[in-house]
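The values are calculated or read from the model by the stated rules, or taken from the named source; none is laboratory data. Remember, predicted model here, so these are calculated numbers, not experimental data. For accessibility, only protein heavy atoms count, side chains too; no ligands or nucleic acids. Shrake-Rupley method; radii C 1.70, N 1.55, O 1.52, S 1.80 Å.
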Amino acid sequence: MSMKESELPKKWFYTFVAIAIAAAIVFIWACIKKDTTIMVATGMVAGIQIINVIKWLQVHRKRK
């Protein structure tokens, strides 16, 4: 069962935001501890989630 982007429910938006916030917190912690590997990994996760949030908002604003 495949869902189109325009059919993603609002819980996905909240999931994207929660993951982005958690990744940003870990990214900040990694910067403080100067742990480059975790910094890069969580930075990528946060960036991808921010892209997901933006795409979700664009799709759902067009529908209204």
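Residues in the stretch 37-64 that are modelled with pLDDT of 90 or more, polar (S, T, N, Q) and open to solvent by 60 Å² or more (accessible area, probe 1.4 Å): THR37 alone. For ILE32, the test of being modelled with pLDDT of 85 or more, within 16 Å of the chain's Cα centre (by Cα) and open to solvent by 90 Å² or more (accessible area, probe 1.4 Å) is failed.
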